[in-house]
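Colleague: One structure follows; several queries about it will come next.
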Amino acid sequence: MKCKKCTKKAVINLKSYNLSLCAEHFEDFFVEKTRETIKRYKLFSKNDIVIVAISGGKDSLALWYVLKLLGYKTHGFHIDLGIKFNNYSEISKQKVINFSEKNGLPVSIVSLKESFGFTIDEYKKMGQRTACATCGIIKRYLLNDFTRKTGADCLATGHNLDDETAVLLGNLLNWQMGYLKRQHPKLPASYGYFAPRVKPFCERTEKETAAYSFLKKIDYVQDECPYSENASSIFYKKIMNEIEQRSAGTKLRFLRGFIDNKKFFSEERGVEERLDICLNCGQPTVSSPCAFCRIVQRFQKVISSERRES
Ligand code: Q46
Ligand code: ZN
Ligand code: ZN
């Protein structure tokens, strides 16, 4: 198999583009396509400061790398979740630090244990919710909080096309109208509190981000988070992969078709649902205290009752 742009050996076959490319031309393709996505959805500009949510996995590190190549001003933000299985959080944090030093990119790290007194493992042991439900609330809260407090212009995450189409499929199958209204490569600022959230890799497949990370020798955490196993999104990803196998380009058509028809899932323009304010932290919320503060308070309550008993 030869590269379609030159005579070198192809390293990847992108069926949905009917394109085989050598390493050099694939790297160019990947960066150029990311640039196009940023432009297509008007995600941010060269004057903006972009906070990049860095987990230590391939997608977030590759995104950080590509945004630097494209000349954007970025600052990484990593949350140490305190997941001990396979030393997952410690290894993730180390990969983030190494990458940041190697590429001269600034990063801030917050430790759940140091800042709030608990880890995801400890919360999971309380058995109140699944680890991912709790973790998702915590990550969204802290990422937004950091973006707001630093006065940055937006928060970028490494969600790829496989992530986006799996979530879209799940939301459609369950008619999750609230989530469907909010699914977009660019969520604008809202309630004067939530920072804009953007997804520059939303049209890049997992296969592409993996190939790019490999070719650029990006040293990322290889293990999946131990709590990710039962996530329904993994099941939806499998289904989307089977459909893509039969009909190349379905994932991209599915996502773009949804975005083009977004009006069917949106409220009247400019109308925001009325929200309360969390009396504890000030975040707009359906009811006070907000989900994040409830998690912290629940943990503190359990800890103090354990102390009283011992
Ligand atoms: S880190 Fe957190 Fe993920 Fe692990 S506990 Fe679940 S949500 S799987 S992206
Ligand atoms: Zn080539
Ligand atoms: Zn709160």
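Every number in this text was worked out from the coordinates using simple rules, so none of it is lab data. Only a predicted model underlies this, so the values are computations on that prediction, with no experimental measurement involved. Cβ coordinates were reconstructed from backbone atoms using ideal geometry, including for glycine residues, and neighbour counts include every protein chain displayed.
Colleague: Which pairs in the list Lys139/Lys251; Lys186/Lys262; Lys58/Lys181 are over 19 Å apart, alpha-carbon to alpha-carbon?
Modeller: Check vs 19 Å cut-off fails for Lys139/Lys251; Lys58/Lys181.
Colleague: Taking the Cα atoms of segment 9-93 alone, what are Rg (to one decimal) and Dmax (as a whole number) in Å?
Modeller: Values for segment 9-93 (Cα only, Rg and Dmax): 16.0, 43 Å.
Colleague: If we count every other residue with Cβ under 10 angstrom of Ser287's Cβ, Lys/Arg +1 and Asp/Glu -1, where does the sum land?
Modeller: Working: positive: Arg294; negative: Asp276.
Local net charge: 0.
Colleague: 222 nm [θ] for the chain, helices only, -39500 (n - 2.57) per DSSP H run of 4+, per residue, to 500?
Modeller: -15500 deg cm²/dmol
Colleague: Let's see if you can work this out: charge +1 on each Lys and Arg Cβ, -1 on each Asp and Glu Cβ, no other charges. What is the dipole magnitude of the chain about its Cα centre, in debye to the nearest 20? Numbers along the way, then the final one.
Modeller: Values: 51 positive and 35 negative charges, 132 e Å.
Magnitude of the dipole: close to 640 debye.
Colleague: May I pose another question? Given q = 0.12, 0.14, 0.16 Å⁻¹, what are the Debye log10 I(q)/I(0) values for segment 110-187, with equal point scatterers placed on the Cα positions and solvent ignored?
Modeller: Debye output, listed in q order: -0.48, -0.65, -0.83.
Colleague: Rounded to the nearest 0.05, what FRET efficiency do Arg308 and Leu275 have when you use their Cβ-Cβ distance and R0 = 35 Å? Mind showing how you got there, number by number?
Modeller: Details: r = 36 Å, r/R0 = 1.01.
Result of the calculation: an efficiency of 0.50.
Colleague: Where q = 0.11 Å⁻¹, what log10 of I(q)/I(0) comes from the Debye formula for the chain, counting one point per Cα?
Modeller: Debye output, listed in q order: -0.74.
Colleague: Lys113 versus Glu36, label points 7 Å from Cα toward the beta carbon: distance in nm?
Modeller: For the pair Lys113/Glu36, the computed spacing is 4.6 nm.
Colleague: What does the highest-first list of 204-212, 288-296, 188-196, 247-255 look like by mean Cβ count within 10 Å?
Modeller: Result, highest mean first: 204-212, 288-296, 247-255, 188-196.
Colleague: Next question, about the same structure. If N is the number of residues in segment 166-310, what value comes out of its Cα radius of gyration divided by 2.2 N^0.38 Å?
Modeller: Its radius of gyration relative to the 2.2 N^0.38 Å reference: 1.37.
Colleague: Another one. For every other residue with a beta carbon closer than 9 angstrom to the beta carbon of Ala131, add +1 if it is Lys or Arg and -1 if Asp or Glu, then tell me the sum.
Modeller: Value of the local net charge: +1.
Colleague: Could I ask something else about it? Please rank Met177, Met126, Met240, fewest neighbouring Cβ atoms within 10 Å first, as an exposure proxy.
Modeller: Met177, Met126, Met240
Colleague: Also, quick follow-up: Report the calculated FRET efficiency for Lys263 and Asn103 (r = Cβ-Cβ distance, R0 = 51 Å), to the nearest 0.05.
Modeller: Plugging the Cβ-Cβ distance into 1/(1 + (r/R0)^6) gives 0.80.
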